[in-house]
Amino acid sequence: MILQYLTGEFEHEVESTRKLLQAVPEKDLGYRPSEISWTMGELAQHIATIYYWYAGTLTQDVYDIAADHLERGAPGDITATLALFESNVQKARNAIQSLTEQQLQDNWTMKAGEHTILGPMPRGIVARGFLFNHIYHHRGELIVYLRATGNKVPSMYGPTYEDSKKKSQ
């Protein structure tokens with residue numbers, strides 16, 4: 001039952017993420033709000049990349065990120081980032097579809113070589129915290145970047161502020 005809910009949430013949120021990434025204009029990919037912040041292109045690319053991590057998280061008991069061959073794409077090319085996103089979403093979807101309810105309860109660990117980064121903890125908790133919530137966090141950042149550069153934010157959970165202002169005028 002939990003797996004059914006996670007799958008439903010995943011599919012719904014993929015569409016929201018897609019709309020958000022499609023709203024990123026090429027002209028603003030180099031925007032960064034501070035010296036220590038990612039550029040808009042790097043942030044969009046990171047969001048697309050998180051979907052890649054679903055496969056390692058959901059199909060391996062110990063995911064060694066240092067041994068993985070992560071494809072990062074090109075942060076200066078939103079078309080390439082969107083293609084990376086679509087490719088990674090399919091990998092993530094396949095990983096979710098391969099899961100059982102029991103596997104959500106099994107312990108999972110993330111390592112970088114011999115160094116443990118996360119875990120061990122139940123895979124279902126990792127899916128919510130490390131995967132789902134991680135994407136939501138960075139999507140929120142990307143919304144701020146879009147607004148700061150004067151770009152329209154797409155509707156994801158109902159009308160945006162801008163949409164509601166148009167209706168009231």
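Bear in mind that the values in this text are calculations on the coordinates, not laboratory data. The structure displayed is predicted, hence computed values, not measured ones. Glycine also receives a Cβ, built like all others from the backbone with ideal geometry; neighbour counts cover every protein chain displayed.
Summary table
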{"quantity": "Selection from the range 126-169 of residues that are aromatic (Phe, Trp, Tyr) and touching a strand residue (DSSP E or B) at 6+ places or on another chain (Cβ under 6 Å)", "calculated": "none"}
{"quantity": "Ala112, sole failed condition from (1) touching a strand residue (DSSP E or B) at 6+ places or on another chain (Cβ under 9 Å); (2) of a type in the set (A, V, I, L, M, F, W, C); (3) over 23 Å from Lys19 (Cα atoms); (4) surrounded by 15 or more Cβ atoms within 10 Å (Cβ to Cβ)", "calculated": "(4)"}
{"quantity": "The lone exception for His137 - which of (1) free of Cβ contacts under 8 Å to residues at least 60 places away in the same chain; (2) surrounded by 13 or more Cβ atoms within 10 Å (Cβ to Cβ) it fails", "calculated": "(2)"}
{"quantity": "Tally of residues being surrounded by fewer than 11 Cβ atoms within 10 Å (Cβ to Cβ) and part of a loop (DSSP other than H, G, I, E, B) across the range 141-169", "calculated": "4"}
{"quantity": "Test result for Arg18, more than 21 Å from Gly124 (Cβ to Cβ), of a type in the set (D, E, K, R), in contact (Cβ under 8 Å) with a residue 40 or more places away in the chain and in contact with a Leu (Cβ under 9 Å, 6 or more places away or on another chain)", "calculated": "yes"}
{"quantity": "Helices (runs of 4 or more DSSP H) wholly inside the range 1-103 containing at least 1 residues that are more than 12 Å from the chain's Cα centre (by Cα) and surrounded by fewer than 16 Cβ atoms within 10 Å (Cβ to Cβ)", "calculated": "2-22, 78-97"}
